[in-house]
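Let me begin by presenting the structure, written as structure tokens, before commenting on it.
What follows draws every value from the coordinates through simple rules; no lab data is involved. Owing to the predicted nature of the structure, the values given are computational and were not obtained by experimental measurement. Don't worry about glycine lacking a Cβ; one is built from the backbone with ideal geometry, like all the others, and counts go over all protein chains shown.
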Amino acid sequence: MDKGYAQYLLNKTRQDYNLIAEEFSRTREKPWPELRFLFDDFLTPGEKILDVGCGNGRFFEFCKEKNLDYTGIDSSEKLIEIAQNSYPEAKFQVVDALSLPFPSNYFDKVYSIALLHHIPSNELRLKFLEGAKRVLKREGLLILTVWDLHRWRLIFKFTILKILGKSKLDFKDVFVPWGKTCQRYIHCFTKKELKNLIKKAGFKIKKVRTLKMSKGKETNIYVVAEK
């Protein structure tokens, strides 16, 4: 993907989430219970935790019971404002996930829930993963989820546009509508692709699974990887 277009998509994603921040937060007021085990099974009291792409901060609900040093970051100023108002006891910052302003070997766990599929191009996705690895302590864990998107008509549409030279997106990239408000950029990962990318960033894969959500037919892929 052209670097200029990738940057345009990053800016568009931030603007889109600022635009839908209030409605997005209303529809995701509480954390998804299906993901609770990713916090309960891997967190230890007192650890330093980074939640990248924290949105409205809802996953802090799973962390506050364990006396953790929690930091949530997101590029959307509006979502961070909502997070700060909802959880004033937590630390939230507006931060670009591709330029993490934290020391090396600092966090015990880095969470990235439903973020990586919003990052355009393999180059930038790898840059994000390498940054996450840098700020993790030795043997620290990256715990990550992406959408397991099976909207084949949408994928087919953008594949045809790509073949015809009418799209600047990469293959398996799509725009998913949020009502009539905006079109969100998404990369449609396969389990194999995600696993290979995380390995390329230097992580050791501990677990890769598909998780079905209770509402609707949506599924997510989750990965637990060690530095």
Let me spell it out: the conditions are (1) in contact with an Asp or Glu (Cβ under 6 Å, 6 or more places away or on another chain); (2) in a helix (DSSP H, G or I), and G72 meets all of them except one. Which number is the exception?
(2)
Meets criteria (in contact (Cβ under 8 Å) with a residue 12 or more places away in the chain and closer than 21 Å to T27 by Cβ) for T181:
yes
Tally the residues that are out of contact with any Lys or Arg (no Cβ under 6 Å at 6 or more places or on another chain), surrounded by 16 or more Cβ atoms within 10 Å (Cβ to Cβ) and not in a loop (DSSP other than H, G, I, E, B), restricting the search to the range 198-221.
3
Breaking point among (1) in a helix (DSSP H, G or I); (2) in contact (Cβ under 8 Å) with a residue 24 or more places away in the chain, for F42:
(1)
Out of all the residues in the range 119-144, which are more than 19 Å from F189 (Cβ to Cβ) and either free of Cβ contacts under 8 Å to residues at least 60 places away in the same chain or not in a helix (DSSP H, G or I) (or both)?
R134, L136, K137, R138, E139, G140, L141
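So if I check each of Y70, Y8, which one is aromatic (F, W, Y) and surrounded by fewer than 21 Cβ atoms within 10 Å (Cβ to Cβ)?
Criteria check complete, one pass: Y8.
Limited to the range 119-138, what total is found for residues that are closer than 18 Å to D74 by Cβ and either surrounded by 19 or more Cβ atoms within 10 Å (Cβ to Cβ) or touching a helix residue (DSSP H, G or I) at 6+ places or on another chain (Cβ under 7 Å) (or both)?
9
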